[in-house]
């Protein structure tokens, strides 16, 4: 098994190489793309709750504080303010 390298390689390509999934998601219905706003709804393929992260089917690494690393390496900050606003009935 060879893993692609270079400027065109992405986390999704690495994921495909490691897990042998070609052409994307094998779930029905298919998981959301990593570029979509609903990317967090993808199936979990590897979970490490003791470390606080999960790998999603679309190649996104999702952290328990809702921060993310996208397949292209971009980081998305945790949305704590959004989550707090959504749960106004709770006192932190």
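The values are calculated or read from the model by the stated rules, or taken from the named source; none is laboratory data. The structure presented is a predicted model; accordingly, all values stated were derived computationally and were not measured. Cβ atoms come from the backbone with ideal geometry, glycine included; neighbour counts cover every protein chain shown.
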Top-ranked residue of region 46-82 - restricted to ones that are more than 10 Å from the chain's Cα centre (by Cα) and not in a loop (DSSP other than H, G, I, E, B), ranked as farthest from residue 27 (Cα to Cα): 81
Pair list, Cβ under 8 Å, 6 or more apart: region 63-92 residue at positive phi, other residue at pLDDT below 60 and surrounded by 11 or more Cβ atoms within 10 Å (Cβ to Cβ): 66/83; 73/11
Test: residue in region 28-44 that is touching a strand residue (DSSP E or B) at 6+ places or on another chain (Cβ under 6 Å) and assigned to a loop (DSSP other than H, G, I, E, B): yes
